[in-house]
Amino acid sequence: MARRFFQLIIMCYLIGWVFVTKKGYQVVDDTIESSVVTKVKGIARVNTTFSDLWGPEEYVIPDHGGKFLFVVTNFIETPNQTLTTCPESPSVPFSTCTHDDNCTEGEAVRAGNGIKTGTCRKTDGNETNTCEIYGWCPTEKSSRPEAATMLREAENFTVYIRNFIKFSQFNLSKTNILKEGYPSYIKTCLHDEIHHPYCPVFRLGDIVSKAGYRFEEVAAKGGSIGIVIKWSCDFDMDTSDCHPQYSFMAMGSSTPVTAGYNFRFARYSSDAAGRTHRNLYKVYGFQLNVMVFGTASQFSIIHTIINVASVLTLMAVG
């Protein structure tokens, strides 16, 4: 009686766990080859020295599209910088001085804006003296990003994500774009889990909210968001039963010291005399990171025989 009961348990294990739950009759390929192309569209009003209107060419970095992209939502502009001498910013560590001996000529202060000239100067609009530097002057504005410079139209920007995958073991390729109605469908659709699950165009505001952020709060200082595309393909059912599932997650830190995402870049120009000028931008926004995962499975007689033989051996031992 005990032997029969033991054998029954093993049979339930074989059918319930090995075959039904774990699908031990299938071979699984979890090595996915993937390529991603992204495009952002939308127009935003700005107030900069060069322009009052930005398109994707200005606010998307890099502009060629890929797994990683940055969308500018706020900025601080330091306009009309030239290579000359000026007082170092008082906010730079070890930049203050009382006399020229405090400023070693030729020394560059870490996190500074230039090379010391050996002169101690009074800063404009401040009572503090700082070392004079040779660099891009005036020095960068150290103010915080303001709500007035925020790209408020950014919430309605659209992000197009084209994903091509291949499972080499099965020699099968898929894409997240339906062939029916392309490209007219892509131009008009907007991703929705219920009504448009196969549309690869996402509203930036929806991406941010699904990641757990409030758009206006994070757009001011920036943040990092992961866009996860997961493929789960069972080719025993049908090769068409292989479609992407999207999820979004916040990748930034909530601590005051490390919260936000920003970096700097400059745009250069020359005047009639041939003198070079630049506008320095410290930009805040959303870093989008597209990550692709997936598995594919299909019936395999070899895996089926191996699992059945293992269970039969266990029954014989019992």
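The values are calculated or read from the model by the stated rules, or taken from the named source; none is laboratory data. From a predicted model like this one, the values you see are computed outputs, not experimental measurements. Every residue, glycine as well, gets a Cβ built from its backbone with ideal geometry; the counts of neighbours run over all protein chains shown. Ligands, DNA and RNA are stripped out before the accessible areas are found, and what is left, the full protein with its side chains, is counted by its heavy atoms. Shrake-Rupley method; radii C 1.70, N 1.55, O 1.52, S 1.80 Å.
Distance between the 7 Å Cα→Cβ label points at Tyr182 and His195: 2.3 nm.
Using a 1.4 Å probe over the heavy atoms of the protein chains, calculate the carbon and sulfur portion of the accessible area of segment 122-168 as a whole percent. Its accessible area is 45 percent carbon and sulfur atoms. Probing with 1.4 Å while keeping every protein chain in the model, the per residue accessible area of segment 100-221 equals 60 Å². Placing unit charges on the Cβ atoms of the charged side chains and taking the dipole of segment 132-212 about its Cα centre, the candidate lying farthest along the positive direction among Gly135, Asn156, Ser168 is Ser168. At q = 0.14, 0.20 Å⁻¹ the log10 of I(q)/I(0) for segment 94-218 amounts to -0.76, -1.10, computed by Debye summation with a single uniform scatterer per C-alpha, solvent ignored. For a Förster distance of 25 Å, can you work out the FRET efficiency between the beta-carbons of Ser247 and Val28, rounded to the nearest 0.05? Taking R0 as 25 Å, the efficiency between Ser247 and Val28 is 0.70.
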